[in-house]
Amino acid sequence: MLDKIRETASWLRPQIPAETETGIILGTGLGELAKSISIKSAIPYENIPHFPVSTVEGHLGSLIIGTLGDRPVIAMQGRFHYYEGYSMQQVTYPVRTMQSLGIKYLFVSNAAGGMNNTFDIGDIMLIEDHINLFPEHPLRGKNFTQFGARFPDMSEPYDRELQRLATDIARSHGVKLQHGVYVGTQGPSFETPAEYNFFRIIGGDAVGMSTVPEVIVARHGGMRVLAFSIITDLGVAGKIIEVTHEDVQKAAMEAQPKLATIIEAVIKRM
Ligand code: HPA
């Protein structure tokens with residue numbers, strides 16, 4: 001795996017400004033966030049050596065190189081989900097690549113179902129912590145100390161200083177920001193009412209099918225992480241209705257300009 005990542009990074013390095021320290025993962029329906037990026041180039045995943053290729057509807061697969069908030073960034077437009085059949089190494093391959101390219105800050109977005117009964121569809125939740133319920137750990141197997149420690153600390157998975165900045169910015173832009181714990185599950189089925197209730201009881205505010213493996217690997221690699229969920233449906237007793245992928249995408253689309261504003265302002269000010 002080490003050799004492959006080195007090859008991927010060596011192939012990409014000449015195309016990315018050396019001072020680039022910020023990486024972004026654009027989740028479901030958030031690909032449009034790319035519109036705020038002043039794009040220098042977009043490399044389809046299939047052209048990048050050893051990169052997995054994205055298959056899900058609504059996930060364009062390309063690595064965007066450009067600037068956001070006047071800072072150089074690289075952004076993954078489209079991510080790899082465990083439920084698609086990728087291994088955990090493939091799911092987190094882009095994060096390792098970013099680490100090898102010198103990325104220090106990782107911004108992550110996703111769509112999620114809200115279990116907190118104060119949440120509404122279209123709300124943005126700042127992820128303060130997560131619960132990993134994936135059936136497999138992304139760091140299982142041989143540890144590469146070049147990347148990080150065998151037993152990485154997870155006492156502050158989401159950077160407190162960046163959270164504070166995001167909270168201030170949301171307030172000053174008049175964007176309602178919810179805060180909470182993200183539960184990461186494998187999917188691809190949405191939750192049953194009993195499962196939403198269970199995730200609420202164990203301390204979750206929102207549930208989704210991504211982010212946790214990427215954040216674990218990013219933290220293993222020492223990156224500072226800021227992540228947001230767009231609440232696209234509700235797993236709250238009495239409010240649970242049938243959910244489709246299209247509903248999720250539509251709700252995410254509507255909320256994403258607010259999230260774009262926050263992310264851009266954080267990058268500008270950090
Ligand atoms: N559950 C899991 N993943 C999701 C949901 C949900 O309700 N909404 C969007 N992604």
Task: Residue check, LEU234 crowded, with 23+ Cβ neighbours inside 10 Å and among the hydrophobic types (A, V, I, L, M, F, W, C) - done: no
TODO: Could you figure out which of (1) within 14 Å of the ligand (Cβ to nearest atom); (2) at pLDDT 95 or above; (3) surrounded by fewer than 19 Cβ atoms within 10 Å (Cβ to Cβ) isn't true of GLY187?
DONE: (2)
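Residue-wise test of (1) surrounded by fewer than 22 Cβ atoms within 10 Å (Cβ to Cβ); (2) part of a helix (DSSP H, G or I); (3) within 12 Å of the ligand (Cβ to nearest atom); (4) over 13 Å from the mean Cα position of the chain (by Cα).
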site: VAL243; (1), (2), (3), (4): yes, no, yes, yes
site: GLU246; (1), (2), (3), (4): yes, yes, yes, yes
site: GLN249; (1), (2), (3), (4): yes, yes, yes, yes
site: ALA260; (1), (2), (3), (4): yes, yes, no, yes
site: ILE263; (1), (2), (3), (4): no, yes, no, no
- [ ] Might you let me know whether the range 30-39 holds any residue that is outside any helix (DSSP H, G or I) and open to solvent by 80 Å² or more (accessible area, probe 1.4 Å)?
- [x] yes
TODO: Give the number of residues within the range 116-126 that are within 13 Å of the ligand (Cβ to nearest atom), over 20 Å from LEU33 (Cβ atoms) and open to solvent by 10 Å² or more (accessible area, probe 1.4 Å).
DONE: 1
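Provide a single number: the residues in the range 181-226 that are closer than 16 Å to VAL95 by Cβ and in a loop (DSSP other than H, G, I, E, B). Full working, then the answer.
Filtering the range 181-226 down to residues closer than 16 Å to VAL95 by Cβ leaves 184, 210-226.
Now restrict to residues that are in a loop (DSSP other than H, G, I, E, B): 210-211, 221-223.
Of the residues in that region, 5 qualify.
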- [ ] Confirm whether VAL207 is in contact with a strand residue (DSSP E or B) (Cβ under 6 Å, 6 or more places away or on another chain) and more than 12 Å from the ligand (Cβ to nearest atom).
- [x] no
Open item on the list: Between PHE199, PHE228, which is closer than 13 Å to ASN116 by Cα and either more than 9 Å from the ligand (Cβ to nearest atom) or surrounded by 20 or more Cβ atoms within 10 Å (Cβ to Cβ) (or both)?
Closed with: PHE199
- [ ] Answer yes or no: is there a residue in the range 158-178 that is more than 19 Å from GLY23 (Cα to Cα), more than 16 Å from the ligand (Cβ to nearest atom) and acidic (Asp, Glu).
- [x] yes
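The values are calculated or read from the model by the stated rules, or taken from the named source; none is laboratory data. What you see is a predicted model; the values in this text were computed from it and never measured. For neighbour counting, all protein chains shown are included, and Cβ atoms are generated from backbone atoms with ideal geometry for every residue, glycine included. Calculation scope for accessible area: heavy atoms of the full protein, side chains included, ligands and nucleic acids excluded. Shrake-Rupley method; radii C 1.70, N 1.55, O 1.52, S 1.80 Å.
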